[in-house]
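Structure record follows, encoded as structure tokens.
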Amino acid sequence: MNVREGLVRAAGWPFRKIRREIRLHWLARVRARGCVPAAEPAAPVPPCLIISPGGVGTTFLIDHCARFTSSNHRNDRDGLKHLPRFPGTEEFTRSRIIFVTGKPEDVFASLRRRGWLRDQAAKLGLPRALWLTGRARKAAFIAGVEAQAESFRAAAESGQVLMIDYEQIWDRKAEIARWFGIGDPAFLADFPERRGRTGQSV
């Protein structure tokens, strides 16, 4: 990159930041209404969904399950990985859903440590957590995580969702296979070993 290109890029930085802020606030408002922004290109809801607030090992579970069945996108390109509430619409009734939960304080700490807190606040439909700071931001975010878990917990009680705490994933891997209708013995044999929550995806 030469000096001229560097100056042009530097001059565009404020505009990129403004566009990012607009995008985050738009997404937070849309998600707060319970809407799922359409993926590009639009695609049918996959038969297996793994959803979470983030910071609870969702990506490794999606990666492993995707070897044996069709699931939502590991990087959330379809907008389905961090839905703020249980999607009760007809298009989701044909899918098997797993909700991975965790302690809200741990979720907050994990996301903040990796610099993803505001992105997740937008995906969880929490506009207040975008502009609040300090303890107020933490309280708003944790309240949103708890509300999300409560929505999926109600669906789990009616048999529509399998709800699993992050700490239980390895103990319940056989149940996960049954829930998704996976009969291949390699699912259990090759299941990833337990590891610390320090990955690059949420």
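Within the range 20-39, the set of residues being open to solvent by 40 Å² or more (accessible area, probe 1.4 Å), among the small types (Gly, Ala, Ser) and more than 19 Å from Ser151 (Cα to Cα) comprises just one member, Ala38. Of the candidates Leu83, Leu24, the single residue that is at pLDDT 90 or above, of a type in the set (A, V, I, L, M, F, W, C) and touching a strand residue (DSSP E or B) at 6+ places or on another chain (Cβ under 9 Å) is Leu83. Please tell me if Phe68 is in contact with a helix residue (DSSP H, G or I) (Cβ under 8 Å, 6 or more places away or on another chain) and modelled with pLDDT of 85 or more. Spelling it out, Phe68 is indeed in contact with a helix residue (DSSP H, G or I) (Cβ under 8 Å, 6 or more places away or on another chain) and modelled with pLDDT of 85 or more.
Taken over the range 173-193, the criterion of being of a type outside the set (Gly, Ala, Ser) and more than 20 Å from the chain's Cα centre (by Cα) is satisfied by Glu175, Arg178, Ile182, Asp184, Pro185, Phe187, Leu188, Asp190, Phe191, Glu193. Of all residues in the range 28-44, those satisfying the criterion of being within 30 Å of Ile169 (Cα to Cα) and either modelled with pLDDT of 90 or more or part of a helix (DSSP H, G or I) (or both) are Ala28, Arg31, Ala32. Taken across the range 174-191, residues that are open to solvent by 40 Å² or more (accessible area, probe 1.4 Å), out of contact with any Leu (no Cβ under 6 Å at 6 or more places or on another chain), at pLDDT below 95 and part of a loop (DSSP other than H, G, I, E, B) do not occur at all. So the check is Cβ under 8 Å with 6+ separation or different chains; which pairs have a first residue in the range 171-191 that's of a type in the set (Gly, Ala, Ser) and a second one that's assigned to a loop (DSSP other than H, G, I, E, B) and open to solvent by less than 40 Å² (accessible area, probe 1.4 Å)? Correct list of pairs: Gly181/Thr69.
Residue check: is Leu111 surrounded by 23 or more Cβ atoms within 10 Å (Cβ to Cβ) and either within 12 Å of the chain's Cα centre (by Cα) or modelled with pLDDT of 95 or more (or both)?
Values: surrounded by 23 or more Cβ atoms within 10 Å (Cβ to Cβ): no; either within 12 Å of the chain's Cα centre (by Cα) or modelled with pLDDT of 95 or more (or both): yes.
For Leu111, the condition - surrounded by 23 or more Cβ atoms within 10 Å (Cβ to Cβ) and either within 12 Å of the chain's Cα centre (by Cα) or modelled with pLDDT of 95 or more (or both) - is not met.
Sort out which residues of the range 84-99 are in contact with a helix residue (DSSP H, G or I) (Cβ under 7 Å, 6 or more places away or on another chain), surrounded by 22 or more Cβ atoms within 10 Å (Cβ to Cβ) and over 19 Å from Ala122 (Cα atoms), and write them in order of number. Correct list: Ile98 only.
Results for (1) hydroxyl-bearing (Ser, Thr, Tyr); (2) farther than 23 Å from Arg77 by Cβ; (3) at pLDDT below 95, shown as yes or no for each residue.
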| residue | (1), (2), (3) |
| --- | --- |
| Ile98 | no, no, no |
| Arg135 | no, yes, no |
| Val145 | no, no, no |
| Ser158 | yes, yes, yes |
| Asp165 | no, yes, no |
| Trp170 | no, yes, no |
| Gln200 | no, no, yes |
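Among the residues of the range 52-61, what is the count of those that are under 11 Å from Ile98 (Cβ atoms) and surrounded by fewer than 24 Cβ atoms within 10 Å (Cβ to Cβ)? Let's see the steps before the verdict.
Initially, the range 52-61 is screened for residues under 11 Å from Ile98 (Cβ atoms), giving 52, 58, 61.
Those still in the list that are surrounded by fewer than 24 Cβ atoms within 10 Å (Cβ to Cβ) too: 61.
Number satisfying all stated conditions: 1.
Checking Thr69 against (1) touching a Leu at 6+ places or on another chain (Cβ under 9 Å); (2) over 15 Å from Tyr166 (Cα atoms); (3) touching a residue at least 60 places away in the same chain (Cβ under 8 Å); (4) not acidic (Asp, Glu), which single condition isn't satisfied? Evaluating Thr69 over (1) touching a Leu at 6+ places or on another chain (Cβ under 9 Å); (2) over 15 Å from Tyr166 (Cα atoms); (3) touching a residue at least 60 places away in the same chain (Cβ under 8 Å); (4) not acidic (Asp, Glu) leaves (1) as the failure.
Filter the helices (runs of 4 or more DSSP H) completely within the range 45-156 down to those with at least 2 residues that are farther than 27 Å from Arg178 by Cα and not aliphatic (A, V, I, L, M). Explain how you work it out, then say what you get.
Details: elements: 58-65, 90-93, 104-113, 117-123, 128-131.
Qualifying helices (runs of 4 or more DSSP H): 104-113, 117-123, 128-131.
The values are calculated or read from the model by the stated rules, or taken from the named source; none is laboratory data. Since the structure is predicted, the reported quantities are computational estimates derived from the model, not experimental observations. Using ideal geometry, Cβ is built from the backbone for each residue, glycine included, and neighbour counts are taken over all protein chains shown. Accessible surface areas use protein heavy atoms only, side chains included; no ligands, DNA or RNA. Shrake-Rupley method; radii C 1.70, N 1.55, O 1.52, S 1.80 Å.
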